[in-house]
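Report on the following structure.
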Amino acid sequence: MGLLGRWRGLRHANAWIFGTMLVSAGLSLVASLVLSIDAVRLAADPQIALSCNINSVINCGAVATSWQASLLGFPNAFLGLVAEPVVITIAVACLGGVRFPRWFMFAAQIVYTIGVVFAYWLFYQAMFHIGALCPWCLLVTVSTTLVFVTLTHVNIRDGNLPLPLGMRLALEGAIKADLDAIAVTIWLLALTLAVVSKYGNTLFG
């Protein structure tokens, strides 16, 4: 088996998939915890200078005090404190050999799809309306993307999604050809390029 074959074997193994999910969800949980603490600090003192207030663009305070940061009436980061431990539990259980029912994994897919859409809505708002970026929020965006991709990977691989036969076979073929890995790599590079193109040198000024 060549190097490419070994890579594919590794990438489709549960250890890689759920290990990646575990690390990504763990990073998102850490970011959510920091954002939650900052939200409490800002509530106590709206003038406090957060450690990630670097300049006019990299400015957690500007993002945290916007209405978008508390869309549901409380800091959005609190949602991460609830959701990510569930993902971590799923990842650890699956690494230990647990196989959840199809309905459970399908439900997890629906819930996390809503979560990743919400994360990208916040990213769009920060980019084009708030005009400032929060490093911890960007970490959440990237990590939720990786969790979504790994969850989708395993659900397609294991047939947990109620899809038409033709679509299911096409998606399984794409997964086997590693097109999902290529797509997410291009996507994250495109996001990076979008941020750099919009803000340029002001990111570091």
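Restricting attention to segment 29-44, does a residue exist that is out of contact with any Lys or Arg (no Cβ under 7 Å at 6 or more places or on another chain), not in a helix (DSSP H, G or I) and not hydroxyl-bearing (Ser, Thr, Tyr)?
No: zero hits.
State which residue pairs qualify: first residue over 12 Å from residue 137 (Cβ atoms) and inside segment 38-63, second residue surrounded by 15 or more Cβ atoms within 10 Å (Cβ to Cβ) and of a type in the set (Phe, Trp, Tyr) in any location, beta carbons under 6 Å apart, and separation of 6 or more residues or different chains.
Filtered contacts from segment 38-63: 57/199.
Mind listing whichever residues of segment 49-85 are of a type in the set (Phe, Trp, Tyr) and either buried (at least 20 other Cβ atoms within 10 Å of the Cβ) or closer than 15 Å to residue 121 by Cβ (or both)?
67
For segment 130-139, give me the residue count where each residue is touching a Leu at 6+ places or on another chain (Cβ under 8 Å) and assigned to a helix (DSSP H, G or I).
3
Keeping to segment 71-89, report how many residues are hydrophobic (A, V, I, L, M, F, W, C) and on the phi > 0 side of the Ramachandran plot.
Matching residues across segment 71-89 total 0.
Could you list, in sequence order, all residues of segment 154-171 that are outside any loop (DSSP other than H, G, I, E, B) and surrounded by 15 or more Cβ atoms within 10 Å (Cβ to Cβ)?
154, 155, 156, 157, 171
From 118, 104, which residue is of a type in the set (A, V, I, L, M, F, W, C) and within 26 Å of residue 53 (Cα to Cα)?
It is 118.
Being surrounded by fewer than 15 Cβ atoms within 10 Å (Cβ to Cβ), within 22 Å of residue 179 (Cα to Cα) and of a type in the set (Val, Ile, Thr), is that true of even one residue in segment 106-114?
Scanning segment 106-114, I find at least one residue that is surrounded by fewer than 15 Cβ atoms within 10 Å (Cβ to Cβ), within 22 Å of residue 179 (Cα to Cα) and of a type in the set (Val, Ile, Thr), so the answer is yes.
Can residue 142 be described as in a helix (DSSP H, G or I), within 17 Å of residue 27 (Cβ to Cβ) and aliphatic (A, V, I, L, M)?
So residue 142 passes the test.
Throughout, read-outs are computed from the coordinates displayed, never taken from laboratory work. Predicted model only: the values in this text are computed from it and were never measured. Cβ sites come from the backbone with ideal geometry, for glycine too, and all protein chains shown count toward neighbours.
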